[in-house]
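The values are calculated or read from the model by the stated rules, or taken from the named source; none is laboratory data. Quantities reported herein were computed from a predicted structural model and do not represent experimental measurements. Cβ placement follows ideal geometry from the backbone for every residue including glycine, while neighbour counts extend to all protein chains displayed. These area figures cover heavy atoms from the full protein model, side chains too; ligands, DNA and RNA do not enter into them. Shrake-Rupley method; radii C 1.70, N 1.55, O 1.52, S 1.80 Å.
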Amino acid sequence: MTKSSDVADWISENVALSPPGASVRLSGYQRAIVEAIADPAVKVRFPTPAEMWRAG
């Protein structure tokens, strides 16, 4: 099984932005979100746009 921190490291090393060659640098909270999503023990739910609109 892949460790959740490996996913965040992979993103930093392999995902590129525009302009070419600009790499992604995850901040602390972004890294925590990626690690939570990758952890099978954590349930992550993304609200739909309609739910966000209703919540105001």
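With everything on Cα atoms, drop me the angle between helix 28-38 and the longest principal axis of the chain, reported from 0 to 90° to the nearest 10.
80 degrees
Roughly how compact is the chain, stated as its Cα Rg over 2.2 N^0.38 Å to two decimals?
1.42
Once Lys and Arg get +1 and Asp and Glu get -1 on their Cβ, which of MET52, VAL34, SER18 lies farthest toward the positive end of the dipole of the chain?
Value computed over the given set: MET52.
Take every Cα pair under 8 Å in the chain that's 6+ residues apart, average their separations, divide by the length, and report that relative contact order as a whole percent.
This gives 32 percent for the chain.
Can you tell me the accessible area per residue over the chain, all protein chains present, probe 1.4 angstrom, in square angstrom?
Computed with neighbouring chains in place, this is 85 Å² per residue.
For ILE33, what is the net charge nearby, where nearby means another residue's Cβ is under 14 Å from its Cβ and Lys, Arg count +1, Asp, Glu -1? Before the final figure, lay out each step's value.
On the way: positive: ARG31, LYS43, ARG45; negative: GLU35, ASP39.
Local net charge: +1.
How much of the accessible area of the chain, in percent, comes from carbon and sulfur atoms when a 1.4 Å probe is used?
60 percent
Between TRP10 and ARG45, what's the calculated FRET efficiency when r is the beta-carbon distance and R0 is 30 Å? Round to 0.05.
Here the calculated transfer efficiency is 0.80.
Using only the alpha-carbon atoms, how far is helix 4-14 inclined from the longest principal axis of the chain? Give it as 0 to 90 degrees, nearest 10.
60 degrees
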